[in-house]
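Visitor: What follows is a single structure, and I will ask about it in a moment.
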Amino acid sequence: MLLLVATQFVGWGEEGMFRGIGVTVLRRHGLTEGRVALWSSVVFGAVHLTNVVGHGISALPQAVMVSLAGYFFYLIRRVSRGNVANSILHGLFDFSLLSGSAILVDQQAYAGTLLPVLVYPVLAIILFVKRRDIEPAE
């Protein structure tokens, strides 16, 4: 239960920072919605490069995957017209990753942790194919 609450705090905090403040600032500076989605996601991934301190070079692919997740969270924010749904889902996503990998007593791999990671390539393909649909119709 404590892990669920903690990951919700992370979800709400990161979404408030990157899809709340970040998106608002980028829009105010006149970026198109496509660029807002892209740059808020790239910055989100870049911030996670600080994980290089504890995890070494494995922080690089993590930053790329986090950027893809950030784009997904941006789309949820855009469709839901707020920051609630993406914040909750972000926390639940973190919970699913951590509950299957970081807290195992015997520290053995858990197959259920692989599923959220496999979502990333699928998400990348969908975002690449549908990237132009993010701009509002003229």
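Visitor: Output the number of residues of segment 38-77 satisfying the condition of being over 20 Å from residue 10 (Cα atoms) and surrounded by 14 or more Cβ atoms within 10 Å (Cβ to Cβ).
Guide: Residues that pass the stated criteria total 3.
Visitor: With respect to residue 26, is the statement that it is more than 12 Å from the chain's Cα centre (by Cα) and surrounded by fewer than 15 Cβ atoms within 10 Å (Cβ to Cβ) true?
Guide: On the way: more than 12 Å from the chain's Cα centre (by Cα): yes; surrounded by fewer than 15 Cβ atoms within 10 Å (Cβ to Cβ): no.
No: the conditions fail for residue 26.
Visitor: On to the next question. Give me the pairs, please: first residue somewhere in segment 1-30 and more than 13 Å from residue 43 (Cα to Cα), second residue anywhere and among the charged types (D, E, K, R), beta-carbon distance under 7 Å, and either six or more positions apart or on two chains.
Guide: Final answer for the pair search is 7/94; 10/94; 11/94.
Visitor: Next question, about the same structure. Would you pick out the residues in segment 7-23 that are hydrophobic (A, V, I, L, M, F, W, C), crowded, with 18+ Cβ neighbours inside 10 Å and either touching a strand residue (DSSP E or B) at 6+ places or on another chain (Cβ under 8 Å) or farther than 13 Å from residue 66 by Cα (or both)? Break it down stepwise before answering.
Guide: Start the filter on segment 7-23 by keeping residues that are hydrophobic (A, V, I, L, M, F, W, C), which leaves 9-10, 12, 17-18, 21, 23.
Now drop any that are not crowded, with 18+ Cβ neighbours inside 10 Å, which leaves 12, 18, 23.
Answer for segment 7-23, where residues must be hydrophobic (A, V, I, L, M, F, W, C), crowded, with 18+ Cβ neighbours inside 10 Å and either touching a strand residue (DSSP E or B) at 6+ places or on another chain (Cβ under 8 Å) or farther than 13 Å from residue 66 by Cα (or both): 12, 23.
Visitor: Within segment 66-78, does at least one residue satisfy the condition of being part of a helix (DSSP H, G or I) and farther than 18 Å from residue 130 by Cβ?
Guide: Scanning segment 66-78 turns up at least one residue that is part of a helix (DSSP H, G or I) and farther than 18 Å from residue 130 by Cβ.
Conditions tested, residue by residue: (1) modelled with pLDDT under 90; (2) in contact with a strand residue (DSSP E or B) (Cβ under 6 Å, 6 or more places away or on another chain); (3) farther than 20 Å from residue 2 by Cα.
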{"site": "65", "(1), (2), (3)": "yes, no, yes"}
{"site": "73", "(1), (2), (3)": "no, no, yes"}
{"site": "83", "(1), (2), (3)": "no, no, yes"}
{"site": "100", "(1), (2), (3)": "yes, no, no"}
{"site": "107", "(1), (2), (3)": "yes, no, no"}
{"site": "114", "(1), (2), (3)": "yes, no, yes"}
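Visitor: Then there's this: Quick one: in segment 29-44, which of the residues that are over 19 Å from residue 63 (Cβ atoms) and either among the hydroxyl-bearing types (Ser, Thr, Tyr) or in a loop (DSSP other than H, G, I, E, B) (or both) is modelled with the lowest pLDDT?
Guide: 32
The values are calculated or read from the model by the stated rules, or taken from the named source; none is laboratory data. Just so it is clear, the structure is predicted and the values come from calculations on it, not from any experiment. When we count neighbours, we look across all protein chains shown, and the Cβ atoms used for this are built from the backbone with ideal geometry, even at glycine.
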